[in-house]
Amino acid sequence: MKPERWVSPLVQEKYQEEKACDRRHTYCIIIIINKTIFFNRPDITFMNKKTKNTFLLDIAVPNTRNLAKIITDKQNNYQEMANEICAMWKQKAAQVIPIAISSTGVIPKSLSQSLTTLNLHSNTYIQLQKSVILGTCSIVRNFLNYK
């Protein structure tokens, strides 16, 4: 994206920041690799260009009894893609990080490890719980008020 003459100075400043940035992130984009893989669309892809690390984040809000199964499924589904990304993009490491919280707010033990891997504050899970519970309440409220 090359800035043109007619582009505002604010956009040109943003372009300069993007050019100097050492990180890249995408949301819900199909990643094309050499192999045909069914699971090729993680929710968030985060790549640090300096350290050459890539994180594939997949977010889920299942029922409480399906929580452990969803985490292992997400991990297994995207592991082959992580290996291909290491080879194609010449990355040192590509990690699959499943982030799953049940619809009632139950947190698995692996969530704190996932948050520390992403260098997020250890209390981030409280905000995640709050948003999941509010979303569940909104769905139930809309269902009960359906006319």
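The values are calculated or read from the model by the stated rules, or taken from the named source; none is laboratory data. From a predicted model like this one, the values you see are computed outputs, not experimental measurements. Because the Cβ atoms are built from the backbone with ideal geometry, glycine has one as well, and the counts that use them run over all protein chains shown.
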Query raised in the report: Among 64, 51, 26, which is within 30 Å of residue 133 (Cα to Cα) and at pLDDT 80 or above?
Result: 64
Query raised in the report: Hey, does the range 105-122 have a residue that's on the phi > 0 side of the Ramachandran plot and either assigned to a helix (DSSP H, G or I) or in contact with a Lys or Arg (Cβ under 9 Å, 6 or more places away or on another chain) (or both)?
Result: yes
Query raised in the report: Can you pull out the residues in the range 51-84 that are in contact (Cβ under 8 Å) with a residue 24 or more places away in the chain, under 16 Å from the mean Cα position of the chain (by Cα), closer than 17 Å to residue 30 by Cα and assigned to a helix (DSSP H, G or I)?
Result: 74, 77, 78, 81, 82
Requested in this report: Among what's in the range 105-147 and is β-branched (Val, Ile, Thr) and more than 15 Å from residue 60 (Cα to Cα), pick the residue that is farthest from the chain's Cα centre (by Cα).
Outcome: 140
Report summary line: Only one of (1) under 24 Å from residue 77 (Cα atoms); (2) touching a Leu at 6+ places or on another chain (Cβ under 6 Å); (3) among the β-branched types (Val, Ile, Thr) does not apply to residue 117, and that is (2)
Query raised in the report: Of all residues in the range 96-147, which are among the aromatic types (Phe, Trp, Tyr) and in contact (Cβ under 8 Å) with a residue 12 or more places away in the chain?
Result: 125
Requested in this report: Give just the number: which of (1) surrounded by fewer than 14 Cβ atoms within 10 Å (Cβ to Cβ); (2) touching a strand residue (DSSP E or B) at 6+ places or on another chain (Cβ under 7 Å); (3) β-branched (Val, Ile, Thr) does residue 104 not satisfy?
Outcome: (2)
Report task. Would you mind telling me which numbered condition in (1) crowded, with 17+ Cβ neighbours inside 10 Å; (2) of a type in the set (Gly, Ala, Ser); (3) in contact with a strand residue (DSSP E or B) (Cβ under 7 Å, 6 or more places away or on another chain) residue 110 fails? Result -> (3)
Query raised in the report: Does residue 116 fit the bill of being exposed (fewer than 14 other Cβ atoms within 10 Å of the Cβ), hydroxyl-bearing (Ser, Thr, Tyr) and under 29 Å from residue 51 (Cβ atoms)?
Result: yes
